[in-house]
1. Report, for the chain, the % of DSSP beta bridges that are antiparallel, rounded to 5.
2. Please give me, ordered by residue number, the chymotrypsin sites (Phe, Trp or Tyr not before Pro) of the stretch 21-88 that lie in loop per DSSP and have at most 12 other Cβ atoms within 10 Å.
3. Where in the stretch 278-361 are there GluC sites (Glu not before Pro) that are in a DSSP coil and have at most 15 other Cβ atoms within 10 angstrom of their Cβ?
4. Provide the per residue accessible area, probe 1.4 Å, for the stretch 277-377, rounded to a whole number of square angstrom.
5. Given labels modelled 7 Å from the Cα in the Cβ direction, how far is it in nm from Glu271 to Leu298?
6. Could you please report the charge total around Thr117, scoring K, R as +1 and D, E as -1 over all other residues with beta-carbon less than 13 angstrom from its beta-carbon?
7. Calculate the spin-label point distance for Phe7 paired with Arg375, positioning each point 7 Å from the Cα along the beta-carbon direction, and give it in nanometres.
8. Tell me the carbon and sulfur percent of the accessible area for the stretch 52-268, rounded to whole percent, probe radius 1.4 Å.
Amino acid sequence: MPSLPDFKLETHFSRWEFKARHHLTASDAQSLSLKELLAMATEAERGAFENLWLGYTETHGAPELREAIAETYQRQSAKNILCFAGAEEGIYIANHVLLEKTDHAIVVTPNYQAAETIPLAICDVSGVGLDPDNDWDLDLDRIAAAIRPNTKLIHINFPHNPTGKIIARETLEGLIDLCRRHGIWLFSDEVYRSLGPKPERQLPQVADLYERGLSLNVMSKAYGLPGLRIGWIATTDERLLGKMERMKHYLSICNSAPSERLAIIALRNREQILARNNMLVRSNLVLLKEFFDEFPALFEWREPDGGCVGYPRYVGEGSVDEFTTDLVEQAGVLLLPSGIYKSDLGQVPTDRFRIGFGRANLAEGLAAFRNHLFRNQ
Ligand SMILES: Cc1ncc(COP(=O)(O)O)c(C=O)c1O
């Protein structure tokens, strides 16, 4: 079995995330402090947090947490939820439980790297590219053409990292029909769901629609609480959940007990937290539009449908890698160039960069970005 290659995005972040003055490519909404989150708790919830016994917890996740998570779905109850240490562990475990050496998987490109490198370390994988010339749409005919007799899993991610694309509901339903006809599992990374400028485009959660559907979600992105490291998979297939639970015994074993209590508080206040984060996203998108309108000779900007990252095209001189390297080294402004999203499964655009708009300090970062552009004119 081939070993996993370096995770390009995380390697880039290890170098720059806490060094660059302006993190303009974050994929999470503005975090809350512990104090702010605890201020939302009832007296009983605060007491449960402060008097918490710091022992191991249940591998599936605390029962109250799984109940609170299940309430965010239409057709799931606590028994359909398995918690993980972040979304990342969920991607790792689901691929390892579902795929064997002789299987084949299909993933969308460009992608959050784990979506392709984890299955590629197990079996054959095909990539189907979102089309930059057709508003990053997913072509179901291309998915159908990629299906082989041994295709076991299709991995999707909408709202999409890095483009912010959300496919149409009919496309998702068409994909589920295709999966059902061929007996294929559909792994849907929904970590950016509930966040973004176009709530009317929000898709239903795959676990609610399809008996072989897995919905991945996490406290990290829309809720802005990545430090909790609480993620989960929802599926109606309890046998599959059982197998994934057994693999979790080899990894994190259980979640962090304080994080579980804090995630319960956040989920019970989800309307308030999501409203705050969506307001921030909308006001940041106004700033981004103004910024990109100022520099039409350098950038082409398409407003994303969902999430808090977008993928503008760089049309200035030189490569986007040179441009983003100069920007972080000279002005302390961190972006992610498209080289980070290079895929082993096919051509992906090479003239893009990822920009984030979920954080509170965007105006400051854009001012430094603007100054850099003027200085280098
Ligand atoms: C699409 C996608 N899935 C999963 C993850 C992993 O999330 P976490 O950091 O909560 O494990 C990320 C993080 O950037 C992501 O963008």
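The values are calculated or read from the model by the stated rules, or taken from the named source; none is laboratory data. The structure presented is a predicted model; accordingly, all values stated were derived computationally and were not measured. So basically every Cβ, Gly included, is an ideal-geometry build from the backbone, and we count neighbours across all protein chains shown. Only protein heavy atoms, including side chains, enter the accessible area calculation; ligands, DNA and RNA are left aside. Shrake-Rupley method; radii C 1.70, N 1.55, O 1.52, S 1.80 Å.
1. 45 percent
2. Working: sites: Phe49, Trp53, Tyr56, Tyr73, Phe84; in loops: Trp53, Tyr56, Tyr73.
Answer by residue number: Trp53, Tyr56.
3. Passing both the DSSP loop test and the Cβ count: Glu317.
4. 44 Å²
5. 4.3 nm
6. Working: positive: Lys8, Lys342; negative: Asp6, Glu10, Glu88, Glu116, Asp344.
Residues near Thr117 contribute -3 overall.
7. 3.2 nm
8. 48 percent
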